[in-house]
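Here is the structure we will look at.
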Amino acid sequence: MSLRGFGLSVAMVLVLGAGQASAADIDLSKPYGDKYGCINRNGQEVAADQMLLLTDKELITAASACTFTKTQAQADGSLVATATCEAEGEEEQEPTKFTIKRSAKSAKKLVIADADGNVMGEVSRCE
């Protein structure tokens, strides 16, 4: 392999590695939530019409609970989570996908969007 070929190989590894590193930046080992999601992270403490709680295993809203079956890091640094969701008052579980990415407004916040790209809300790491 020529020196030029070696340089291109190193550059490709660096580019691919950078994509994986940015996706790894989204660490769900600690819960994220909005105000009521963080309050309710250990169980229903207060009733809330609006609530988002995101963990490494699930996404919980005021009206539904979704359990992740697969999460996949994307080249742009986002995560795509495949989940089965159970809506309040319904017994059927519907499969769906969510996209989780860093907020453009604040690197400490995450934005959650549904399969249609509709933003569900922003969440911060729970204290």
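Taking first residues from region 44-60 that are within 15 Å of G121 (Cα to Cα) and among the small types (G, A, S) and partners that are surrounded by 16 or more Cβ atoms within 10 Å (Cβ to Cβ) and at pLDDT 95 or above, no Cβ contact under 7 Å between residues at least 6 apart in sequence or on separate chains turns up.
Residues that are over 15 Å from I60 (Cβ atoms) and surrounded by 11 or more Cβ atoms within 10 Å (Cβ to Cβ) were ranked within region 95-105; the one that is modelled with the lowest pLDDT is P95. Scanning region 51-68 for residues that are touching a helix residue (DSSP H, G or I) at 6+ places or on another chain (Cβ under 9 Å), among the small types (G, A, S) and part of a strand (DSSP E or B) yields a count of 0.
Please give the strands (runs of 3 or more DSSP E) falling wholly within region 69-127 in which 3 or more residues are touching a helix residue (DSSP H, G or I) at 6+ places or on another chain (Cβ under 9 Å).
Working: elements: 79-87, 93-102, 109-113, 119-125.
Strands (runs of 3 or more DSSP E) meeting the threshold: 119-125.
Considering every residue within region 42-49, establish whether at least one is under 15 Å from the mean Cα position of the chain (by Cα) and either at pLDDT 50 or above or not in a helix (DSSP H, G or I) (or both). So far as region 42-49 goes, no, none of its residues is under 15 Å from the mean Cα position of the chain (by Cα) and either at pLDDT 50 or above or not in a helix (DSSP H, G or I) (or both).
Close contacts from region 77-97, counting a first residue that is on the phi > 0 side of the Ramachandran plot and a second that is part of a strand (DSSP E or B), with Cβ to Cβ under 7 Å and a gap of 6+ residues or different chains, come to G77/K101; G77/R102.
The values are calculated or read from the model by the stated rules, or taken from the named source; none is laboratory data. All figures in this text were calculated on a predicted structure; none of them were measured in a lab. Positions of Cβ are generated from backbone atoms using ideal geometry, with glycine treated the same way; all protein chains shown enter the neighbour counts.
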